[in-house]
1. If you average the sequence gap of Cα pairs under 8 Å that are 6 or more apart and divide by the length of the chain, what percent do you get for the contact order?
2. If you filter the stretch 100-164 for trypsin sites (Lys or Arg not before Pro), then keep DSSP loop positions with at most 13 other Cβ within 10 Å, what is left?
3. Let me check I've understood the local charge: for Met115, count other residues with C-beta under 14 angstrom from its C-beta, Lys and Arg +1, Asp and Glu -1. What total comes out?
4. Scan around Tyr81 for amide H atoms under 5 Å from its own, H built in the peptide plane at 1.01 Å from N, and keep only partners 5 or more places away or cross-chain.
5. Whose amide H sits under 5 Å from the amide H of Gly110, counting only residues 5 or more places off or on another chain, with H placed in the peptide plane?
6. May I ask you to evaluate 6.51 cos²θ - 1.76 cosθ + 1.60, the Karplus curve with θ = phi - 60°, for each residue of the stretch 108-125 and list the ³J(HN,Hα) values in order in whole Hz, giving x for glycine and proline?
7. Could you check the simple spin-label distance between Arg156 and Lys91, using points 7 Å along Cα→Cβ, in nm with one decimal?
8. Given Cβ point charges of +1 (Lys, Arg) and -1 (Asp, Glu) and nothing else, what value in debye, to the nearest 20, does the dipole of the chain about its Cα centre take?
Amino acid sequence: MNSQYFSAHFLSCAASISAAPEDIGAEVAFAGRSNAGKSRAINSITNQNNLAKTSKTPGRTQLLVFFEVINNARLVDLPGYGYAKVPETVKRKWQTMVDNYLTHRRSLRGVIQVMDIRHPLKDFDLQMLQWCMQAGLPAHILLTKADKLKTGQAKRQLDATRKEIGHQFPNATIQLFSASKRTGIDDVHDVLDKWLMNQ
């Protein structure tokens, strides 16, 4: 387990990439449907309870939220998508912001995509993977809430999802993850190390 992520701290938030921190160093973005456990995943990975704000109301994150791990290495919490009960105009604004971020952010090294293991690969998930592919970015999928399924079920869902993404998105990798059981954190740290620490 890489403890350098435990010192991650809030850096800034932005409503557009023009208001984001200076585009230097390296950063990894976290994306996912609004009820997939994205904030809990970030908190588990950084061993903190309230770094990424969780809410019982999906869609609370409406900005790009930047956390600094070490100097010029950042994690970025993207707005949750798909499930949030917000007006369509707001959803379109988020979509444009995320599209601009994925397309134009030079320091972005990859995307951690969070999916509820019980409901993976929804339309918006596939759209995010498509965005990553078009931008030439690697994606790493966390099948969260793995503790909600029995071990055999979770493994079968992992295998089925890996097979489904294999042909369409060859740059994507995938793993099981549980914030509550702290399952898979070392694996995520390995991915983050590869993307963030080889600047």
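1. Numbers: 361 pairs, mean separation 49.6, N = 199.
Once divided by the residue count of the chain, the mean separation gives 25 percent.
2. Details: sites: Arg105, Arg106, Arg109, Arg118, Lys122, Lys145, Lys148, Lys150, Lys155, Arg156, Arg162, Lys163; in loops: Arg105, Arg106, Arg118, Lys122, Lys145, Lys150.
Listed in order of number, the matching sites are Arg106, Lys150.
3. Values: positive: Arg33, Lys38, Arg40, Arg118, Lys122, Lys145, Lys148, Arg162; negative: Asp116, Asp123, Asp125, Glu164.
That sum, taken over residues with Cβ under 14 Å, equals +4.
4. Result for Tyr81 returns Gly32, Arg33, Ser34.
5. Ala29
6. For the stretch 108-125, the Karplus curve yields 6, 9, x, 10, 8, 9, 9, 9, 5, 4, 7, 9, x, 6, 6, 3, 5, 4 Hz.
7. A separation of 3.2 nm, rounded to one decimal place.
8. Numbers: 26 positive and 17 negative charges, 158 e Å.
In debye, rounded to 20, the chain gives about 760.
Each reported figure results from applying straightforward, stated rules to the coordinates on display, with no laboratory input. Remember, it's a predicted structure, so these values are computed and weren't measured experimentally. So basically every Cβ, Gly included, is an ideal-geometry build from the backbone, and we count neighbours across all protein chains shown.
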